[in-house]
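Trainee: Sharing a structure here in structure tokens format.
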Amino acid sequence: MSKTALRRLGKLVFTATSILLLSCGGAAAGDKSRVLILNSYHSIYPWTAEVTEGVRQALLSGTGEVEFSIEYMDTKHSFSKAAQAAFLDYMQRKYSARELDLVVCVDDDALAFLHRIGRRLFPGVPVVFCGLNNRGLYDPDMYPNATGLFEDVDILGTAELAMRLFPGSRNLVLISDMSDSGLAVLSRARRELAGLDRYVRIIDLFALSTSELQERLSALPPGSVILMLIYFQDEDGNFISPSQSASLVRDSCPSPLFSLWDMMPAAGAFGGNVLSARRHGEKAGEIALQVLSGVPPLNVPAQPDTEYVPMFDYGELARFGIKKEDLPHGSTVINEPDQDGMLNYRLILINAAVLLSGAGYVALLMMNERRRKRAAKSLAVRKSMWEGLFGNSPDSYIVFDSDNRVLNVNAAFCRMFGYTPEEALGRDVDTLVAGGHEEEDTARRISRRVQQGEAVSTEGVRRRKDGGAVHVRLQGVSFSLPGGEVLGYGIYTDISAQRKGELEMEGLIQSEAAVVSISGTLLSGDSYSVVPKALEEAASLVGADEGFFIEFADSGYIGRELLLSGGRAVWSSSPHLSDILAWPDIEAINQRLRGGERLVLDHERPSLIADSRRHGELARLFGSPLHVLPVLSEGRVAGWVGLHRAWASQSEAQDSALDVFCDLVGSVLQHERRQSASAERARILEGTSRGIVEILGRTLAMKDPYTVGHQFEVARLARAMAVKGGFDETFLDRVYYGALVHDLGKIVIPSSILSKPGRLNQVEFEIIKRHAIHGWEILSSAEFPWPLAEIAVQHHERMNGSGYPNGLVGAEIISEARIVAVADVVEAMTSHRPYRPGLGLDRALDEVNSGSGSLFDPLAVELCLAVMEDGFQFDEKSYEISLI
């Protein structure tokens, strides 16, 4: 045996022993870090065993003590809904009362499972994952407590390595199953190998059964190399070990098999640029140490594991004549035989063979006599053993002949179906367990299949003696007696509890889906359009087709009525419930509903509706019993939901879904009330603000009428520019009213400076520049729905920072102020003043055009030029109006 094989055997024994000891647990100590390692697969899977040991060794290398718990989901073999439910129940029972410091998830299924139940079972516990192929499971915004390692295999590097070692290859064959991991790796392979099809033909062998894969491999053309992405499940989801995968390829074709993980060369694949499972686990453990030391997972971003090792199997290298010197630098060759050990091993085998042959001859003579005595005793023991197993088995056993007559039953069968052995013997087996019920035909078809030699395994319903249904798992086989008679053998296992759990889980999933759908519906629009569809969905969930939703007005009387009939909800244009229910009825029912209580109105309970005729009319319209639920909003009963169902009980999940529906409807009504109030306040504020702005603008006319006319014209031009730019109505108002008071600060500037003919001196210019600050001080002292103060203080700022008063640059200047700045310059240069004539539109446009990008916003300049080209003209009357 090679040293490598001995080392691997030792590692596996050590790993298995460690896991067994850790799984048994030890006395919890207060200063220990409590770590759960949750594996997607079983410990017999080499990747899982090595990653787990790598994580464990890395954590043990830290300064503190670690107490481990290790769990295996075993999804490679089977993880049906029933298995999921059982595993979830197991985890809840085992860990609901335990405190953990960290959870380490190995591979995709474990992290996906933890996303579903982690917040409930392990609230606030940080998570470190590894072996993750589906990066969509990592969402730091939704799961900030999780970080770890992606399983970033080297697909392209391994493919190029295969082409380099086998340069005559003309075909690259890809093998993958359709598991979740397989699909993730397959998607990456499609992207990374997109350029190789220029050099080789890529052949896909995906989602094949083992027999189909063998057939396709045996037909591969010469010059093919094989890259196995993932093939650890057949088409039925059954687990295939790495050694089985490697053997399947080797036995089917002569082509070399390349792979992406170190477990495959160890199982007999040729090799590849592989990820080391042990090293991957160690790196995850190093991240776990950081988290245990107090570093938040959000501060340790998840990262890909790209530490690849060129690894090759010695026997495969020899089979294809590849020398070690042909391999990449740093390559590892495994399964290499120890020459001295092999020689000694052969000598031992030769000597052992000689000794065994002699001893065998002697033993054969002695055994003949003993064998005869033993046979008789063995027959008696086996008979007693099988009778004991048959009679005492916890499963229900039945034996029947070719005429379907019961020959024997065990005690468990009698307990399950309620018969005595005497009542069962000689009866037709299908009449016994299904007679007179709809399941009888199915039972007879299964019996015929068993009698024809088919092995049957199925699930279904059978009937007890009292007619009660029992869910069973049935296994049936036939066997022949020496005389040619054929007997049938059936095993019934009671799975009623399991089936009940599955149905409850299905109901929970349906309820959760309904809640998501209802939530999406109610959040997609106003109540008038979305509540009818949401009510239909909620009613469908609980099996109700008649009912209503009513909303109360502020007065406390019924406002709107939504009627549900035949599963269809429509707003009523005429009163129905408001005609039936009197004010005392409403008050009495609301009194009961304010505490969140539900009511059931029917003829068997004392009614809160005083008048029996009104009660009868309500039952006539919507049926009886009528379940009434409160819709609460801001601490008051804002409405009712009434639903008619023939039965009074429903599942806890359905109850929760209806509660969520009522809460969401209440939130929608509350949101609409607040929106309506906010809109009214905004309307009043905006109307008041418009008047104040116009008053402020005209107030300036008392001191400087020309400035007021200038503001009106700048406002007209700025608004026209914004319209040309396609801005919305809100932006147009901001620009217009901001321009209307942009020079309001000049009301503080002395008139002698404002109207001075000729050039201003430096002191006077500094004083007049202060008007931008004064405008901001005046306008910021009051609340406006537009950024008037910002426009006033920024309209003399320039894109390159050369403006005043603050020297703002580029994006620091708001968009409205940039448009007003251009309109301000163009109007000021164009208009006449008492102390100088206008300079003309052409000169003004040349001025802003030459400063486009340096002084002025290029978009604002472009919009100004376009508006002028469309024929915009300043109105001289604006100055006359300001003088009135």
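Trainee: Within region 835-854, identify whether any single residue is under 19 Å from Gly709 (Cβ atoms), out of contact with any helix residue (DSSP H, G or I) (no Cβ under 7 Å at 6 or more places or on another chain), open to solvent by 70 Å² or more (accessible area, probe 1.4 Å) and free of Cβ contacts under 8 Å to residues at least 40 places away in the same chain, and answer yes or no.
Mentor: yes
Trainee: Here's something else I'd like to know. Give me the pairs, please: first residue somewhere in region 44-64 and among the small types (Gly, Ala, Ser), second residue anywhere and outside any helix (DSSP H, G or I), beta-carbon distance under 6 Å, and either six or more positions apart or on two chains.
Mentor: Ala49/Ser43; Gly64/Ser33
Trainee: Of all the residues that make up region 855-868, how many are within 16 Å of Arg716 (Cα to Cα) and surrounded by 15 or more Cβ atoms within 10 Å (Cβ to Cβ)?
Mentor: Of region 855-868, the ones within 16 Å of Arg716 (Cα to Cα) are 860-861, 863-868.
With surrounded by 15 or more Cβ atoms within 10 Å (Cβ to Cβ) added as a condition, the list becomes 860-861, 863-865, 867-868.
The total comes to 7.
Trainee: For Pro785, which of the numbered conditions (1) surrounded by 18 or more Cβ atoms within 10 Å (Cβ to Cβ); (2) in contact (Cβ under 8 Å) with a residue 40 or more places away in the chain fails to hold?
Mentor: Looking at each condition in turn, Pro785 falls short on (1).
For every residue, the table says whether it meets (1) modelled with pLDDT of 90 or more; (2) in a helix (DSSP H, G or I).
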| residue | (1), (2) |
| --- | --- |
| Ile70 | yes, no |
| Lys76 | no, no |
| Phe79 | no, no |
| Ala83 | no, yes |
| Leu88 | no, yes |
| Lys94 | yes, yes |
| Ala97 | no, no |
| Leu100 | yes, no |
| Cys105 | yes, no |
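Trainee: List every residue pair whose Cβ atoms lie under 8 Å apart, where the two residues are 6 or more positions apart in sequence or sit on different chains, the first residue falls within region 532-552 and is without any contact (Cβ under 8 Å) to a residue 40 or more places away in the chain, and the second residue, located anywhere, is outside any helix (DSSP H, G or I) and surrounded by fewer than 19 Cβ atoms within 10 Å (Cβ to Cβ).
Mentor: What qualifies is Pro532/Val570; Pro532/Trp571; Glu536/Gly567; Glu536/Arg568; Ser540/Gly567.
Trainee: Tell me, which strands (runs of 3 or more DSSP E) lie completely within region 234-336 with 2 or more residues that are out of contact with any Phe, Trp or Tyr (no Cβ under 9 Å at 6 or more places or on another chain), modelled with pLDDT of 90 or more and within 27 Å of Leu172 (Cα to Cα)? First the steps, then the outcome.
Mentor: On the way: elements: 271-275, 308-313, 332-334.
Filter on region 234-336 gives 308-313.
Trainee: Can you find even one residue in region 572-590 that is of a type in the set (Phe, Trp, Tyr), outside any loop (DSSP other than H, G, I, E, B) and open to solvent by 40 Å² or more (accessible area, probe 1.4 Å)?
Mentor: The answer is yes; a qualifying residue exists.
Trainee: State which residue is nearest to Met868 (Cα to Cα) when the search covers only region 796-828 and only residues that are touching a residue at least 40 places away in the same chain (Cβ under 8 Å) and of a type in the set (Asp, Glu).
Mentor: Looking at residues that are touching a residue at least 40 places away in the same chain (Cβ under 8 Å) and of a type in the set (Asp, Glu), I get Glu827.
Trainee: Just to check your reading of the model, which residue among Asp141, Asp180, Asp152 is within 16 Å of the chain's Cα centre (by Cα), under 24 Å from Lys283 (Cβ atoms) and among the charged types (D, E, K, R)?
Mentor: Asp180
Trainee: Now, a different point. Would you check if there is a residue in region 662-678 being part of a loop (DSSP other than H, G, I, E, B) and at pLDDT 65 or above? Break it down into steps so the answer makes sense when it comes.
Mentor: Taking region 662-678 and keeping what is part of a loop (DSSP other than H, G, I, E, B), we get none.
No - not one qualifying residue is present in region 662-678.
Trainee: Moving to a separate point now. If Val708 satisfies every condition in (1) among the aliphatic types (A, V, I, L, M); (2) surrounded by fewer than 16 Cβ atoms within 10 Å (Cβ to Cβ); (3) in contact with a Lys or Arg (Cβ under 7 Å, 6 or more places away or on another chain) but one, which is the exception?
Mentor: (2)
Okay, residues lined up against (1) farther than 25 Å from Arg278 by Cα; (2) in contact (Cβ under 8 Å) with a residue 24 or more places away in the chain; (3) assigned to a strand (DSSP E or B):
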position: Ala112; (1), (2), (3): no, yes, no
position: Gly124; (1), (2), (3): yes, no, no
position: Asp141; (1), (2), (3): yes, no, no
position: Val153; (1), (2), (3): no, yes, no
position: Ala159; (1), (2), (3): no, yes, no
position: Gly182; (1), (2), (3): no, yes, no
position: Arg191; (1), (2), (3): yes, no, no
position: Leu205; (1), (2), (3): yes, yes, yes
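Trainee: Answer yes if at least one residue in region 165-174 is of a type in the set (Phe, Trp, Tyr) and modelled with pLDDT under 90, and no otherwise.
Mentor: No, that holds for no residue.
The values are calculated or read from the model by the stated rules, or taken from the named source; none is laboratory data. Keep in mind that this is a model prediction, so the values were computed, not measured. Positions of Cβ are generated from backbone atoms using ideal geometry, with glycine treated the same way; all protein chains shown enter the neighbour counts. In case anyone asks, the SASA skips ligands and DNA or RNA and just uses the protein heavy atoms, side chains included. Shrake-Rupley method; radii C 1.70, N 1.55, O 1.52, S 1.80 Å.
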